[in-house]
Amino acid sequence: MKVKEISEFELIRLLSKTLSDNYKASEINTIYNEVVGLADDAAAWDAPEGRQVFTTDALVNNVHFDLRFMSSIDLGWKSMVASQSDIAAMGFKPLFTTVSLGLTGEENLNMLTDLYKGIADAASQFGGKVVGGNTTKSDTLFISISMLGHDPSNESRTNPLKRHSAKPGDVVAVTGSLGSSAGGLRILQDKTGTLPRCQDLIGSHIRPRPQIDAGVWLARHGIQCATDISDGLLADLGHICESSKVGADIKINTLPVTSDLKSVFPADWEELSLTGGEDYQLVFTGTKQSINEAISSIDTPISIIGEITDDYPGINVLNSEGMSGRYTSSGFDHFKNK
């Protein structure tokens, strides 16, 4: 059955039931008392004092996703992770979410219920319970996520991580590995994903994980500057450099790249790790001492990849021979990328 064959309110009831059946409550629900949720005109809740953060993001069919290359459940998961990662990049935890859908009417109802199963799964694992949303007629399918994050600290008020706090002499570090999501997308597009190592890269693309615990730890232990890697390392580090009026030197041989990426893309892994988006790792800066403390304290692997300089606004990428390539911008851009 298709969306156009039922009423809007029947669709809302179906999607609300899907969320209720698939969402597993987290410890956040013992802190924040939800008073009014999905069944009313707006959500309401009681919350203790403290800073909160808010983000919004939209995913448009054939711009941000292609259902030929991922399931509807994975799309629901990934649509949530994009906003959960924004919250993590501020050093906060996801709390509540609203989901708005633009629908052509030709969508299959099973596709939409699977989409909401993925949304509920990501909310169950990383926070961001869905408390409302909207549906509307559209010429193209899109998903818009708005998410509220909270400060989990009970001891003191956490200062959000910011892009404009990098200083010359700071070291640059990243969580996790880089380029795997872009490698996974390329495998899907080229239909070459038969080997086990290809499946791991594909998994990085369709099921990324936001670095929430790492972001919270960084914000509470002296790190001031961070952003998430959604558009690519060079693009997102470039946002830090632009906001902080600094430059950066990055060493290729220090980039954390999986052996699978190097094996499947021996000629392209450097480009993928520098410019590939949707890894949803964190790139951050700080003193070498504070970064080393993070390395020894956080379960997620952390790699030092370079240094902040006063050479605004460029990013120098140093290869294994010490040769420099200068970059001023790269990565995904909604209006420049075709």
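Derivation of every value follows stated rules applied to the coordinates shown; laboratory data play no part. Quick caveat, the model's predicted, so the values are computed rather than measured. Cβ coordinates were reconstructed from backbone atoms using ideal geometry, including for glycine residues, and neighbour counts include every protein chain displayed.
In whole percent, what relative contact order does the stretch 3-150 give with Cα contacts below 8 Å and a gap of six or more residues?
36 percent
Could you give the length gained by full extension between Lys288 and Leu318, i.e. 0.36 nm per residue of separation minus their alpha carbon distance, to one decimal place?
8.8 nm
Could you sort out which of Lys93/Lys162; Lys17/Lys117; Lys117/Lys137; Lys93/Lys245 sit more than 18 Å apart by Cα distance in this structure?
Checking Cα-Cα distances, Lys117/Lys137; Lys93/Lys245 exceed 18 Å.
At 222 nm, what value in deg cm²/dmol follows for the chain if DSSP H runs of at least 4 each add -39500 (n - 2.57) and the sum is divided by all its residues, to the nearest 500?
-10500 deg cm²/dmol
Multiplying the sequence separation of Thr104 and Ser296 by 0.36 nm and subtracting their Cα-Cα distance, what value in nm do you get?
64.1 nm
Between Asp268 and Gln199, what FRET efficiency comes out of the Förster formula 1/(1 + (r/R0)^6) with R0 = 22 Å and r the beta carbon distance, rounded to 0.05?
0.75
Quickly rank 86-95, 264-273, 178-187 as a protection proxy: mean count of other C-beta atoms within 10 Å, highest first.
Packing order, densest peptide first, comes out as 86-95, 178-187, 264-273.
So if each residue of separation counts as 0.36 nm, and I subtract the Cα-Cα distance between Thr254 and Glu49, what length gain in nm does that give?
69.6 nm
Given the alpha-carbon gyration tensor of the stretch 3-150, what are the semi-axes of its equivalent ellipsoid in whole angstrom, ordered largest first, with each equal to the square root of 5 times an eigenvalue?
Result for the stretch 3-150: semi-axes of 25, 17, 13 Å.
Among Val172, Val99, Val36, whose mean-square fluctuation peaks in a Gaussian network model of the chain (Cα, cutoff 10 Å)?
Val36
For Lys78, give me every one of the aspartates and glutamates with a C-alpha distance below 17 angstrom, ignoring sequence neighbours fewer than eight places off in its own chain.
Cα-Cα hits under 17 Å: Asp57, Asp66, Asp86, Asp114, Asp121, Asp200, Asp228, Asp231, Glu278, Asp279.
With springs connecting C-alpha atoms under 10 Å apart, model the chain as a Gaussian network and identify which of Tyr312, Tyr23, Tyr116 has the largest mean-square fluctuation.
Most flexible of the set in this elastic network: Tyr312.
Starting from the Cα of Ile6, step 7 Å along the direction of its Cβ; do the same at Val36; then give the gap between the two resulting points in nm.
2.5 nm
Could you work out the relative contact order of the chain, using alpha carbon pairs under 8 angstrom and six or more residues apart, expressed as a whole percent?
Reported relative contact order: 20 percent.
Just to be sure I understand: with springs between alpha-carbon atoms less than 10 Å apart, which residue in Thr136, Thr287, Thr275 has the highest mean-square fluctuation in the Gaussian network model of the chain?
Thr136
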